[in-house]
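The values are calculated or read from the model by the stated rules, or taken from the named source; none is laboratory data. None of these values were measured; they are calculated from a predicted model. Please note: Cβ atoms are built from the backbone with ideal geometry, for glycine as well, and neighbour counts cover all protein chains shown.
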Amino acid sequence: MGVLEGVDRKRMLILAGGGLLVIGFIWLIARAFVSTPAEEPANAALAEVAKQEAKKDIEGLKSSIRSKNDAVARRAIISIRTLAPPDQAAAAIQPALTDSRSLVRQVAFTQLGNIGPVARPYMPDMTSAMGKDPAPEVRASAAQALGKVASTEAIDPLFKGFGDPDPAVRRSSMEALESMLHMTLGFNPDAEPPARAKELARIGPMVPKFKSAYAQYLVYMKQKRHEEARTP
């Protein structure tokens with residue numbers, strides 16, 4: 001009897017375990033199709049953004065940037081940058097640069113940088129964020145944006161970013177400046193403070209030359225575009 005009881009006990013445990021697996025599987029399926037009350041407003045807001053995108057409703061997307069839902073605000077910023085003319089997109093995105101949420105600010109600076117030289121009027125916002133924003137990911141995104149606006153005025157704040165306390169910001173500043181200058185500066189953003197100080201002392205005196213060379217490069221590129229436009 002003892003052996004049989006042991007076998008029956010094992011069968012019961014196996015059946016119980018299998019039943020739990022079935023219940024769990026059914027719950028996952030139901031979860032995929034049924035939203036919780038807390039999720040329904042967010043899903044509705046995202047669905048509204050999708051409608052705005054389909055209609056290219058820029059004004060509606062501007063309103064969605066102010067959404068309390070982070071995902072909605074970030075998606076609206078990206079959509080505006082994609083759908084609106086560059087100057088309008090930059091103007092629409094600017095208010096999000098000072099949003100209370102760091103993830104929204106980060107996306108806003110990233111998309112502003114993706115607009116390119118048209119975003120030059122917003123360089124003061126980028127420079128201010130690099131120096132004052134408490135979130136390192138936002139400062140890093142602002143540095144990346146500065147590197148894409150094609151302006152000699154971006155060089156000083158980017159070099160200043162080499163001294164940021166966060167290594168990610170230092171790296172973004174370095175990569176942005178190197179991309180602008182088409183050269184490697186030999187700066188290690190992850191080095192110890194004494195080593196970084198030595199590298200900054202070496203690079204610092206070259207900054208005026210960087211600005212002069214980059215100004216000449218911008219003139220050359222402008223002339224080149226003008227000539228290409230005149231070529232049949």
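Structure above, values below:
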| item | result |
| --- | --- |
| Close pairs (6 angstrom Cβ cut-off, 6 or more residues apart or separate chains): over 16 Å from Ala108 (Cα atoms) in the stretch 53-80, in a helix (DSSP H, G or I) and not hydrophobic (A, V, I, L, M, F, W, C) anywhere | Glu53/Ser79; Gly60/Gln52 |
| All positions within the stretch 117-167 that are of a type in the set (Gly, Ala, Ser) and out of contact with any helix residue (DSSP H, G or I) (no Cβ under 7 Å at 6 or more places or on another chain) | Ser128, Gly131 |
| Residue in the stretch 90-111 that is of a type in the set (A, V, I, L, M, F, W, C) and over 16 Å from the mean Cα position of the chain (by Cα) present | yes |
| Boolean, Val107 is crowded, with 23+ Cβ neighbours inside 10 Å, in a helix (DSSP H, G or I) and not small (Gly, Ala, Ser) | yes |
| Inter-residue pairs, beta-carbon under 6 Å, first within 16 Å of Ala154 (Cβ to Cβ) and in the stretch 203-228, second in a helix (DSSP H, G or I), 6+ apart | Val207/Phe159; Phe210/Ile155; Phe210/Leu181; Lys211/Thr152; Lys211/Ile155; Tyr214/Thr152; Ala215/Thr152 |
| Filter result for Ala76 (modelled with pLDDT of 95 or more, assigned to a helix (DSSP H, G or I) and surrounded by 21 or more Cβ atoms within 10 Å (Cβ to Cβ)) | yes |
| Selection count, the stretch 54-73, where residues are assigned to a helix (DSSP H, G or I) and touching a Leu at 6+ places or on another chain (Cβ under 7 Å) | 4 |
| Single residue of the stretch 119-144 satisfying the filter (under 16 Å from Pro95 (Cα atoms) and hydrophobic (A, V, I, L, M, F, W, C)) that is surrounded by the fewest Cβ atoms within 10 Å (Cβ to Cβ) | Met123 |
| Helices (runs of 4 or more DSSP H) within the stretch 119-185 that include 1 or more residues at pLDDT 95 or above and touching an Asp or Glu at 6+ places or on another chain (Cβ under 7 Å) | 123-132, 136-146, 167-181 |
| Odd one out for His182 among (1) surrounded by 10 or more Cβ atoms within 10 Å (Cβ to Cβ); (2) at positive phi | (1) |
